[in-house]
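Everything on this sheet refers to the single structure shown next.
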């Protein structure tokens with residue numbers, strides 16, 4: 001055995017052994033399965049430390065379960081479509097397909113260098129027609145069932161990039177890439193009826209015991225099921241009422257004005273006769289629509305020349321167009337209660353409108369609303385006949401009264417909106433629809449799938465090139481045979497990431513998924529960033545239920561357990577190119593080896609917490625691996641021995657520490673996922689072995705053989721290359737990943753003596769050794785006999801002796 005740790009040679013040799021054995025390829029069998037999946041990456045061309053940490057977590061979990069005898073599936077693929085690739089292709093003057101596939105090749109090589117145990121035979125790239133044909137097929141099935149539809153929708157439109165932008169891509173009213181002023185434009189869009197599944201998506205969260213509570217709460221809040229009251233406010237001089245929805249009808253007595261969205265029909269009619277109002281509405285449409293923007297922006301309004309009638313008091317309420325109300329939420333009209341809603345309060349303060357508190361504080365008094373609104377529920381005040389009612393009673397009384405008059409209805413409503421599926425960009429999966437002047441939208445026949453995206457295309461930046469490609473656009477209508485046009489919108493990339501987990505189970509299936517998915521699904525452990533806690537996970541859950549209802553899947557939920565890993569920080573900030581604080585994993589691999597990078601990323605912090613980058617920490621991880629290598633080299637040089645199964649004296653103490661470590665590491669890795677504490681325990685054991693003589697007694701040499709063999713197995717999921725090499729040096733055949741996970745020997749954990757803490761009046765004064773089977777009186781006598789304890793008792797009578805078996809003695813004097 002070489003005396004020095006040569007990571008480059010070791011890692012190359014071990015990876016060749018894995019490849020020769022096809023070590024990570026799996027198929028269904030009669031063993032207990034374990035499906036471990038990390039969220040697949042966007043192929044940017046280079047791994048960053050966030051990738052390394054995320055995928056190392058998944059690999060450690062996968063390798064551990066494999067060593068526990070389970071049939072482990074761990075696949076990898078590429079979330080390959082999307083606007084970033086299109087923008088990069090524009091910048092570099094190459095087709096997005098070429099740019100993407102070159103990046104995939106580079107990143108695949110990096111992942112292999114890091115030794116991740118992926119079944120590469122299952123690799124998926126979402127830009128491959130063989131993959132996206134099946135989401136096109138699913139879309140057609142949903143189209144036939146009425147679960148997808150097309151309608152005009154107001155969107156954020158970038159007039160330079162000629163594309164729809166998500167709210168988060170609008171920064172200070174401008175497109176995130178082009179910098180152009182964003183317009184609110186109504187264009188035809190395709191939607192999926194995710195709202196049909198709102199109740200199931202919400203209720204099934206209760207069964208996801210392996211998910212973080214914070215993520216379940218975020219999903220529940222996004223779905224936003226609420227029970228409220230829909231109320232009709234008469235408008236003076238108009239036949240049609242203003243309909244609002246509120247979850248707080250108890251505050252109705254405090255409504256002092258009405259606020260409408262710029263696109264509300266009542267506003268549109270008024271704007272035709274008022275040019276200034278039309279200008280104000282245009283200003284509202286160019287502002288961002290993100291929730292954060294609506295909350296923080298300066299509140300502005302424009303008063304309409306009509307008034308609403310309060311349904312309880314009969315008072316006339318002014319009506320404003322307001323820049324914080326959107327047509328896409330609720331009815332586009334809000335009954336404004338400034339005393340009990342902060343946005344309403346800010347608007348009322350700006351326009352000197354009445355602010356009337358109608359819900360008492362905890363002391364039964366009208367709250368102080370001089371500095372802002374008070375949203376808490378309580379007992380009504382300033383509310384006429386409803387004074388003194390609490391929230392539930394007031395809700396019922398007001399609802400009954402207004403429903404009796406036919407101007408209100410109890411209603412369950414959701415914050416969730418139907419999923420907008422279409423994007424006006426090129427690099428995405430084509431939507432399989434043909435538009436016919438006579439037949440309307442017609443699904444592409446299944447026999448003609450996939451509708452392939454032309455790949456030899458270099459976008460120029462001003463919108464998608466697809467509408468200008470007659471060879472793509474011009475087709476015959478499948479229904480009537482007349483000339484028609486192909487849909488040129490492409491799918492939102494969430495479509496691809498919403499079912500990839502199922503396709504990994506049967507990547508060669510001549511269907512969306514086949515019966516192999518029944519064996520592997522659901523995913524036992526899913527790993528990814530908290531930033532995907534809402535939309536990706538919600539859409540994936542939705543897709544799973546769609547596939548189930550189409551008879552493809554048997555499970556209700558796609559992911560049994562979820563781990564959201566923390567960020568990688570440097571100098572207290574998230575690593576990013578813009579901050580200039582990134583660390584190149586490739587340089588680290590070349591300097592220290594993949595095992596060092598993996599070990600540091602698991603040791604520096606628990607996986608669900610942020611990891612602070614430390615060059616010294618990387619060097620420390622490398623020193624530990626070198627120390628372990630030297631320890632095995634010294635042991636092997638002393639001569640091969642059989643591992644101990646029992647020992648006495650010093651050997652018994654060492655075996656006890658070994659098997660205590662085995663028990664702790666198994667729990668830390670297998671249940672708690674606290675890999676950092678598992679590594680710390682292994683390091684302590686290595687240090688204990690390092691304190692032995694280089695040529696110990698035969699008894700201790702056998703214990704050292706047992707301990708080193710266990711250490712190599714316990715560390716193998718984290719640092720697999722060095723452990724595979726050391727496994728062979730210790731005299732074992734085959735791959736360490738195929739070895740059994742070590743199990744603690746209960747007999748070795750039995751102690752002949754125990755170390756107990758002795759306290760006097762609660763303060764630690766000594767530690768004593770007593771026989772493990774000593775009774776209470778023997779323990780108490782040994783405590784009193786200790787010299788330091790005697791000195792602190794100082795002849796005083798002992799009033800009480802408290803013995804906590806196996807832990808401590810407390811003498812009260």
Compute the length gained on full extension between residue 25 and residue 612: take 0.36 nm times their separation in residues and subtract their Cα-Cα distance, giving the result in nm to one decimal. 207.9 nm
Fraction of beta bridges assigned by DSSP in the chain that are antiparallel (%, nearest 5): 75 percent
Region 748-780 and region 240-290 have their Cα centres apart by a whole-number Å value of 76 Å
Pop the C-beta distance of residue 775 and residue 747 into the FRET formula with R0 = 22 Å and round what comes out to the nearest 0.05. 0.45
Within region 305-338, whose backbone N sits under 14 Å from a point 7 Å along Cα→Cβ of residue 273? 305-307
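Output the relative contact order of the chain, whole-number percent, from Cα pairs under 8 angstrom with separation of 6+ residues. Let's see the in-between values first.
Working: 1456 pairs, mean separation 118.0, N = 813.
Computed value for the chain: 15 percent relative contact order.
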Neighbouring Cβ atoms within 10 Å as the yardstick, rank 422, 121, 153 fewest first. 121, 153, 422
Working from Cα positions, state the angle (0 to 90°, nearest 10) between the long axis of helix 129-144 and the longest principal axis of the chain. 50 degrees
Fewest-first ordering of 451, 182 by Cβ atoms within 10 Å yields 451, 182
Over all Cα pairs of region 627-702, how is the pair count split among 10 Å bins, expressed in % and running from 0 up to the last occupied bin? 18, 46, 30, 7
Roughly speaking, what is the centre-to-centre gap between region 655-707 and region 214-231 when only Cα atoms are used, to the nearest Å? 49 Å
Considering only DSSP beta bridges whose two residues both sit in region 487-615, what percent are antiparallel, to the nearest 5? 20 percent
Stretched out fully, how many nm does the piece from residue 590 to residue 637 gain, at 0.36 nm a residue minus the Cα gap? 14.0 nm
How much mean residue ellipticity at 222 nm does the chain get from its helices, if each DSSP H run of length 4 or more adds -39500 (n - 2.57) and you divide by all residues, to the nearest 500 deg cm²/dmol? -11000 deg cm²/dmol
Taking a label point 7 Å from the Cα of residue 12 along Cα-to-Cβ, the residues of region 681-722 whose backbone nitrogen sits under 16 Å from it are 722
May I ask you to sort 664, 27 by Cβ crowding, counting other Cβ atoms within 10 Å and putting the fewest first? 27, 664
With label points set 7 Å from each Cα along the Cα-to-Cβ direction at residue 530 and residue 187, the distance between them in nm comes to 3.5 nm
Just to confirm the number: angle between the C-alpha axis of helix 96-113 and the first principal axis of the chain, 0 to 90 degrees, nearest 10? 20 degrees
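Taking R0 as 41 Å, what FRET efficiency do you get between residue 573 and residue 313 from their Cβ-Cβ distance, rounded to the nearest 0.05? Mind dumping the intermediate values first?
On the way: r = 54 Å, r/R0 = 1.32.
Efficiency for this residue pair is about 0.15.
From the Cα gyration tensor of the chain, with a ≥ b ≥ c the square roots of its eigenvalues, which class applies: rounded if a/c is under 1.5, or else prolate if a/b is larger than b/c, or else oblate?
On the way: a/c = 2.61, a/b = 1.46, b/c = 1.79.
Since a/c reaches 1.5 but b/c is at least a/b, the shape of the chain is classed as oblate.
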Starting from the Cα of residue 400, step 7 Å toward the Cβ, then list every residue of region 369-383 with an amide N under 19 Å from that point. 379-381, 383
Of 103-109, 466-472, 41-47, ordering from highest average Cβ density within 10 Å down gives 41-47, 103-109, 466-472
Taking r as the C-beta separation of residue 342 and residue 382 and R0 as 25 Å, the FRET efficiency to the nearest 0.05 is 0.80
Quick one: angle between helix 275-286 and the longest Cα principal axis of the chain, in degrees between 0 and 90, rounded to 10, please. 20 degrees
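Where both partners of a DSSP beta bridge lie in region 753-812, what percent of those bridges are antiparallel, to the nearest 5? Could you put the intermediate results ahead of the total?
On the way: 13 of 17 bridges.
Among the beta bridges of region 753-812, antiparallel pairing accounts for roughly 75 percent.
Counting pairs of Cα atoms in region 225-414, how many percent are more than 25 Å apart? Numbers along the way, then the final one.
Values: 5925 of 17955 pairs.
For region 225-414, the fraction of Cα-Cα distances above 25 Å is 33 percent.
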Region 159-210 and region 542-586: distance between their alpha carbon centers, rounded to Å: 19 Å
Rank-order 490-497, 65-72 by packing density, defined as the average count of other C-beta atoms within 10 Å over each peptide's residues, highest first. 490-497, 65-72
What full-extension length gain, to one decimal in nm, is calculated for residue 687 and residue 329 as 0.36 nm per residue of separation minus the Cα-Cα distance? 122.7 nm
Modelled label-to-label distance, residue 226 and residue 549, 7 Å Cα→beta-carbon offset: nm? 2.5 nm
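Rule-based calculations on the coordinates, nothing more; no lab input. Since the model is a prediction, treat every value here as computed from it, not as a measurement. Ideal geometry is used to build each Cβ from the backbone, glycine not excepted, and the neighbour counts take in all protein chains shown.
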